[in-house]
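What follows is a short report on a single structure.
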Amino acid sequence: MTSFDERDASIALPGDPAYVAATRVFNLAAPVTPAAALTARTVNEIRAGITYARSAGLSVRVHTTGHSAGAAKPMAGAVLIRTELDGAVEVDPDRRVARIPAGTQWKAVVEATSAHGLTAPHGSSGTVGIVGYLLRGGISFYGRQTGLAVNHVRGIELVTPDGELVWTDADNDPDLFWALRGGGGGFGVVTAIEVDLFPASTVVTGAAFWPGEHARTLLTLWDKWCRDAPNAVSTSFRVLNLPPFPGVPEVLSGGTMICVDGVVLGGADDSVALGQADDLLAPLRAVAEPVMDTWHLTTPQDILATHMDPEDPVPAQGDHFLLTELTEDTIDEFVKVFGPGTESPLVMAGLRQLGGNLAQPSPTGGALDHLTAPYLYSGAGIPLDADTSATINDRLELARAALSPWDSGRTAPTFIESPTQPQGHLTPEAIARVDEVRARLDPKGLFKGDVMTNTTARPF
């Protein structure tokens, strides 16, 4: 292994301000407590962190924003590298490609690409880091049209466990390129990603809200629309119990609310997208007038506000799995668990519309390149203390039991909230192939803690 001076990086120990900065997480319910930590802004700082870990007999862990901290395994006995690589988003509008440094958040990518009438397959939150989102699959509001976000990754730069900086793509170590795209982590420290862009100068996006009493009727109509929906439209149906937090409109914090939000990808004729949005919304608006309705024609930047994801760190505790179908019985069970009058402690219980090109394998895809299930379920609450955490967990377990007849046994990696919850991302054949790549790059398991549950068969 190449030797690097540990002074190239600021290795911080518990109690140091730099340690606090490096271990910050977005999910405040899932603090991380590694043995040491650093914020890496250069490749040499990453190398120095790896060298320090080896010399101290520690493992290496990696994160950026900590949105997925709840899904992370414990970090005792590890050096945590927080990636905030120097450099800006570089857009090549002619090739429709962006090179994005690790640590970049999606809001910066959307701003940089929108200036060229292009966008990337970003998620609903602008504060999420690009690396974890992309390499764990990534389900975009464009996804039914464009497929999983990971299929848009063109190339990846990373520092391997032996400290080498490598570039991998379809022509350079294609096995590593395949494994990195959805294989569950544990290959090293990603420093940059090159991603394909696509035209998106206008979209129709927004959210409409109704009192909870209309839950069953609205869900039935939404499901009926979903069955023949055009791929240009991606939506979600959510039951919300929003606390009166700053930024939450007062009209939405008075009890159980129903929300239907999403995106219609525009084209040469905006009237087509507006018409597709109306096909979705008109039957729902006919049930009752929404108490708030923000659907409008706009630009991709506004999509980051559609889902009303929090801008600041919050505690979160949740569960997730993919559903095989929605039937009348599924809808009944969902409403029984989360509908009005159930006193659900969850701030959100939702169903995400999948299908379309999200279900289509990519001929050039990686370990995870599609999701066959038509719907995604997720639920989350805010655990303020041990009692609220227990109450949230009880409701999540109730939902898992009630919806079990339609549980596909499969999950989407970016929606995992705990390393102990049931997970199913990859086939056994894919796991075996990913393990071969990991064993080649990291035979001693220096990065074993970053390997997601159910993406390895290796006896670390």
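Using a Debye calculation, one point per C-alpha and no hydration shell, please list log10 I(q)/I(0) for the chain at q = 0.06, 0.08, 0.12, 0.14 Å⁻¹ in order. Debye intensities relative to I(0), on a log10 scale: -0.25, -0.45, -1.04, -1.40. Using a probe radius of 1.4 angstrom, the carbon and sulfur fraction of the accessible surface of segment 297-362 is 48%. Between Glu111 and Ser201, what's the calculated FRET efficiency when r is the beta-carbon distance and R0 is 25 Å? Round to 0.05. Step by step, r from the Cβ atoms, then E = 0.95. Going by accessible surface with a 1.4 Å probe and the largest first, Ser389, Ser140, Ser10 read Ser10, Ser389, Ser140. Accessible surface for Val89 stands near 30 Å², nearest 10, in the context of the full protein assembly shown (1.4 Å probe). Ligands, DNA and RNA excluded, the heavy atoms of Glu429 present near 130 Å² of accessible surface to a 1.4 Å solvent probe. Relative to the Cα centre, the charge distribution of segment 189-328, modelled as +1 at Lys and Arg Cβ and -1 at Asp and Glu Cβ, gives a dipole magnitude of about 280 debye.
Label separation (Thr220 vs Asp278): 2.6 nm, computed from points 7 Å beyond Cα along the C-beta direction.
The residues of the chain expose, per residue, 40 Å² of accessible area to a 1.4 Å probe. Can you list the lysines whose alpha carbon is less than 20 Å from that of Lys73, not counting same-chain residues fewer than 8 positions off? Cα-Cα hits under 20 Å: Lys444, Lys448.
Measuring r between the beta carbons of Ala18 and Glu328 and using R0 = 41 Å, the FRET efficiency lands at 0.15.
Packing-based ranking of 404-415, 198-209 yields 198-209, 404-415, ordered from highest to lowest mean Cβ neighbour count within 10 Å. At full extension, Ser253 and Asp385 could sit 45.4 nm farther apart than now, given 0.36 nm per residue minus the alpha carbon distance.
The share of C-alpha pairs in segment 350-460 whose separation exceeds 16 Å stands at 68 percent.
Specify the inter-centroid distance of segment 130-190 and segment 272-309, based on alpha-carbon positions, in whole Å. Result: 33 Å between the Cα centres.
In summary, the convex hull built on the alpha carbon positions of segment 217-336 has an orientation-averaged projected area of 8.9 nm². Net charge of the neighbourhood of Pro246, taken over other residues with C-beta under 11 Å away and scored Lys/Arg +1, Asp/Glu -1, is -2. For segment 59-182, the relative contact order works out to 16 percent when only alpha carbon pairs closer than 8 Å and six or more residues apart are counted. Any idea what log10 I(q)/I(0) is at q = 0.12, 0.20, 0.21, 0.23 Å⁻¹ for segment 132-251, Debye with uniform C-alpha scatterers and no solvent? So the normalised log intensities work out to -0.68, -1.08, -1.14, -1.27. Out of the total accessible area of segment 66-124 (probe 1.4 Å, heavy atoms of protein only), what percent is carbon and sulfur? Summing carbon and sulfur atoms, their accessible area is 45 percent of the total for segment 66-124.
The listed peptides 339-346, 260-267, ordered by packing as a protection proxy, come out as 260-267, 339-346 (highest mean of other Cβ atoms within 10 Å first). The distance linking segment 36-94 with segment 393-433 is 27 Å (Cα centroid to Cα centroid, whole angstrom).
The calculated 222 nm mean residue ellipticity attributable to helices in the chain amounts to -8000 deg cm²/dmol, summing -39500 (n - 2.57) over DSSP H runs of n ≥ 4 and dividing by all residues. Ranked from largest to smallest solvent-accessible area, with a 1.4 Å probe on the protein heavy atoms, Phe334, Phe245 come out as Phe245, Phe334. If you place +1 on the Cβ of every Lys and Arg, -1 on the Cβ of every Asp and Glu, and leave all else neutral, what size is the dipole of the chain about its Cα centre, to the nearest 20 Debye? Once rounded to the nearest 20, the dipole reads 860 debye. For segment 368-460, the carbon plus sulfur part of the accessible surface works out to 56%, probe radius 1.4 Å.
In the chain, Cα pairs under 8 Å separated by at least six residues give a relative contact order of 18 percent. The listed residues Met75, Met292, once ranked by accessible area (1.4 Å probe) with the largest placed first, stand as Met292, Met75.
The values are calculated or read from the model by the stated rules, or taken from the named source; none is laboratory data. These numbers were taken from a predicted model, which means no experiment stands behind them. Backbone-built Cβ (ideal geometry, glycine too); neighbour counts: all protein chains shown. The area values use the complete protein model at the heavy-atom level, side chains included, leaving out ligands, DNA and RNA. Shrake-Rupley method; radii C 1.70, N 1.55, O 1.52, S 1.80 Å.
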